[in-house]
Amino acid sequence: MSTGPSPNRVLLPLQFSAAAEAGPGSGTRLYALQGQTMGTSWSLRCALDDRVDLVSLQRSVQAALDEVVAQMSTWDAGSDLSRFNAAEAGSWLALPEGMFTVLNCAQDLAQQTAGAYDITAGALVNCWGFGPGEPRDELPSDVEIRSALQRVGWSRLLIDAERRIALQPGGLYLDLSSIAKGYGVDRVAACVERAGVHHYLVEVGGELRGQGCKPDGSPWWVEVESVPDTESDAGRWIVGLDGLSIATSGDYRRYFERDSRRYAHTLDPRNGRPVRAAPASVTVLHAQCMQADALATALTVLGLQDGMAFAERHGIAALFVVRRRQDVANTDEFASSAWLALLDS
């Protein structure tokens, strides 16, 4: 997502006027920090005065994100997640605090969506070549897909909340790529808040969270990610992030093409295949980036009709961008009531 104001359609939280009135305070300046994490980059823009140690802040942010990777990466064989995936059947494994938080959030969403969102679909992710292994040169066979599906099932993942442990029933392979970046954004936000920074915009791999405003009192403007190679005369959506996070799931991020058909990385864990007729993108606004990240994936799997119904039932601010069947170069947009309620009038 790119940053910058626009005369197009603008979303702004109702509480922003209070944040702008309070402001970051006199003597603050805009600073930018950045680094690498989760195979992508992170950045932090914040309004600071001279009392904040930028070197210590950079180290604290990087340490927080390194901890997320150490707990939740499938690319790191030594991570807590990889140890769980490799554990013997019947093993109960201790969960570090962050991973416990993420698993509980994911399981709640899996239950609410009747399995449309499912972090136990890691075997399917690997089967289709979207995991830490080598990309596939050909489509997986029906036999391979059925075999991977036998290892999937959110209800098989048992968590003992009191002891903060989880059961590996055998063959379960968790993949947290649909939620870990969002959680990382939340961790960075908590880190900078502890450092006494209350006006900031943090990004990890395209997922963002903003709080307060810039030194000049203007919002942290972000442009909603557009779908590449499409045409639309609807104009851009611009969001002022104050106490809000934004995350997008799109079929253009990771995919491969065979026989003129696009196979996107978002899989339906209920049938083991890439989502058919999926929205080109779904963008979600939420107070927690962890929730926004996971919800964007869940709504993509549910599709426009069921996804919009879910968003309306749960008061989720969501924007669906759908390719036209006979004209895929053009798209239509569908916004939930909660999304439209943020329109700045």
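The values are calculated or read from the model by the stated rules, or taken from the named source; none is laboratory data. Not measured: the values here are computed from a predicted model. Positions of Cβ are generated from backbone atoms using ideal geometry, with glycine treated the same way; all protein chains shown enter the neighbour counts. The protein model used for the area step is the full one, side chains on, heavy atoms only, and it has no ligands, DNA or RNA in it. Shrake-Rupley method; radii C 1.70, N 1.55, O 1.52, S 1.80 Å.
Of all the options GLY206, GLY315, GLY182, the one that moves most in a Gaussian network model of the chain with Cα springs shorter than 10 angstrom is GLY315.
Here the extension length gained between LEU343 and ALA63 equals 97.1 nm, from 0.36 nm per residue of separation less the Cα-Cα distance. Normalising the average separation of contacting C-alpha pairs (under 8 angstrom, six or more residues apart) by the number of residues puts the relative contact order of the chain at 21 percent. Quick one: pull the percent of accessible area on the range 121-175 belonging to carbon and sulfur, 1.4 Å probe, ligands and nucleic acids left out. Ligands and nucleic acids excluded, carbon and sulfur give 47 percent.
Note on the chain: GNM, Cα springs under 10 Å; of TYR173, TYR200, TYR31, the largest mean-square fluctuation is that of TYR31.
Between ALA77 and ALA190, the modelled label-to-label distance comes to 3.1 nm, taking each label 7 Å out from Cα in the direction of the beta carbon. The range 274-309 and the range 160-224 have Cα centres lying 17 Å from one another.
Of the listed peptides 107-115, 242-250, what is their order by residue-averaged count of other C-beta atoms within 10 Å, with the highest listed first?
242-250, 107-115
In this rough spin-label picture, where each label sits 7 Å from Cα along the Cβ direction, the ALA277-ASN104 distance is 3.9 nm.
Tell me, in nm to one decimal, what length is gained between ARG270 and ARG313 on full extension, where the rule is 0.36 nm per residue of separation less the Cα-Cα distance? Numbers along the way, then the final one.
Working: separation 43, 0.36 × 43 = 15.48 nm, distance 2.18 nm.
Once the chain is fully extended between ARG270 and ARG313, it gains 13.3 nm.
Of the listed peptides 90-98, 296-304, what is their order by residue-averaged count of other C-beta atoms within 10 Å, with the highest listed first? Numbers along the way, then the final one.
Values: 90-98: 14.4, 296-304: 25.4.
Output ranking for 90-98, 296-304: 296-304, 90-98.
Over the chain, accessible surface divided per residue gives 46 Å², non-protein components excluded, 1.4 Å probe.
The calculated pair-distance distribution of the range 77-156 uses every alpha carbon pair, bins of 10 angstrom beginning at 0, and gives 16, 42, 35, 7 percent. Ellipsoid semi-axes for the chain, based on the Cα gyration tensor and the rule √(5λ), read 33, 26, 17 Å when sorted largest first.
Dipole of the chain (Lys/Arg Cβ +1, Asp/Glu Cβ -1, origin at the Cα centre): which of ALA77, SER249, SER281 lies farthest to the positive side? Of the options given, the answer is ALA77. Computed about its Cα centre, the charge dipole of the chain is approximately 280 debye, with only Lys, Arg, Asp and Glu carrying charge at their Cβ.
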